[in-house]
């Protein structure tokens with residue numbers, strides 16, 4: 001409850017002051033006519049004055065205070081909040097080819113680092129729908145668009161090297177991600193594509209897939225994962241077990257830049273875990289989720305809550321003074 005015109009409460013100050021003056025005057029008031037004895041008055045049939053002496057003043061003060069509260073216009077509010085969310089639909093397309101096992105990201109390989117930073121990114125996008133696509137020589141959807149982030153995090157943890165035949169089908173992975181966003185009605189549709197290689201598999205050319213992304217209003221952020229120069233790559237050998245080979249990092253940055261430019265996105269290069277984390281943070285800033293809360297409030301007048309008690313109290317004071325309390329002429 002609120003009071004629309006609270007300044008009316010200033011009227012309570014003279015009301016309280018008047019009450020204290022009344023009490024003080026009643027206490028110090030002397031009889032206008034003194035008698036040596038009141039027996040004569042009692043024999044004449046006068047009733048004993050009813051106590052308390054200050055009840056009329058108390059009733060009058062209470063009535064005035066309730067009246068002042070009514071003048072201050074008490075109101076109660078009823079309303080509702082309307083929340084409008086302009087969310088972003090995001091699909092992460094993750095390369096799981098054999099080269100993602102390269103040991104140039106601390107504390108493990110490229111795939112582990114990519115999964116770790118993708119997890120941080122997903123946890124920070126609480127209102128968005130997020131999907132997950134993986135690709136190597138082929139591509140499949142690991143998780144469709146969902147707001148169940150716990151489910152997608154579980155499915156992200158389940159991604160491993162060797163889930164599909166080896167290769168790097170960048171165009172196929174991008175095309176699969178775009179297909180997941182094709183019917184989305186979100187204000188912003190985004191693909192985050194992470195790869196460490198050159199397109200060498202799949203039926204769809206990367207530039208063709210980028211054209212489809214542009215057609216459906218999908219913005220693509222591409223991330224080249226891997227350090228320049230030589231790095232170590234564990235390779236499983238059925239005869240001699242796991243061997244460590246020295247490999248040269250080869251990322252088709254020209255294609256990744258072309259994809260990003262064609263769709264209105266950006267290309268990033270991540271050479272270590274910290275760098276990859278900053279890239280995800282930058283994308284998070286670029287693709288903001290907007291949540292607008294509109295509050296509608298309607299106020300209803302409740303002055304009668306105080307006006308009726310004021311009326312009843314003042315009527316009681318009049319009844320007390322003129323009927324119950326006996327005055328001697």
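All of the numbers you see were taken from the coordinates with simple rules; none came from a lab. Only a predicted model underlies this, so the values are computations on that prediction, with no experimental measurement involved. With ideal geometry, Cβ positions are generated from the backbone for all residues, glycine too; neighbour counts draw on all protein chains shown.
Taking neighbour counts of Cβ atoms within 10 Å as a proxy for exposure, in what order, fewest first, do 68, 13 appear?
Going from least to most buried by this count: 13, 68.
In whole Å, how far is the Cα centre of segment 92-161 from that of segment 221-273?
If you average the Cα positions of each part, the centres end up 15 Å apart.
With a cut-off of 8 Å between alpha carbons and a minimum separation of six or more residues, what is the relative contact order of segment 131-175 in percent? Show your work: numbers first, answer last.
Values: 61 pairs, mean separation 23.1, N = 45.
Reported relative contact order: 51 percent.
What nm value, rounded to one decimal, do you get for the distance between residue 13 and residue 198 when each label is placed 7 Å out toward the C-beta?
8.8
Which values, in whole Å and largest first, are the semi-axes of the equivalent ellipsoid of segment 88-288 obtained as the square root of 5 times each eigenvalue of the Cα gyration tensor?
Result for segment 88-288: semi-axes of 26, 18, 16 Å.
Normalised by the residues of segment 167-252, what does the relative contact order come to in percent, with Cα pairs under 8 Å and at least six apart?
33
In nm, to one decimal, how far is the residue 305 label point from the residue 166 one, both placed 7 Å along Cα→Cβ?
It is 7.7 nm.
What is the fewest-to-most order of 146, 222, 242 by other Cβ atoms lying within 10 Å of their Cβ?
The order, fewest Cβ neighbours first, is 242, 146, 222.
So if R0 is 30 Å, what FRET efficiency would residue 247 and residue 183 give, r being the distance between their Cβ atoms, rounded to the nearest 0.05?
Efficiency at R0 = 30 Å is approximately 0.15.
For segment 61-207, would you read off the P(r) tail past 27 Å as a percentage of all alpha carbon pairs?
36
Over segment 94-247, what is the relative contact order in percent, taking alpha-carbon pairs closer than 8 angstrom and at least six residues apart?
24
Could you list the residues of segment 99-134 with an amide nitrogen less than 18 Å from a label point located 7 Å from the Cα of residue 235 in the Cα-to-C-beta direction?
In segment 99-134, the label zone of residue 235 (backbone N under 18 Å from the point 7 Å along Cα→Cβ) covers 99-104, 110.
Using the 10 angstrom Cβ neighbour count as an exposure proxy, how do 232, 194, 156 rank, fewest first? Could the numbers behind the result be given before it?
Details: 232 13, 194 28, 156 22.
By the 10 Å Cβ count, ascending: 232, 156, 194.
What does DSSP give for segment 124-235 in terms of the percent of beta bridges that are antiparallel, rounded to the nearest 5?
40
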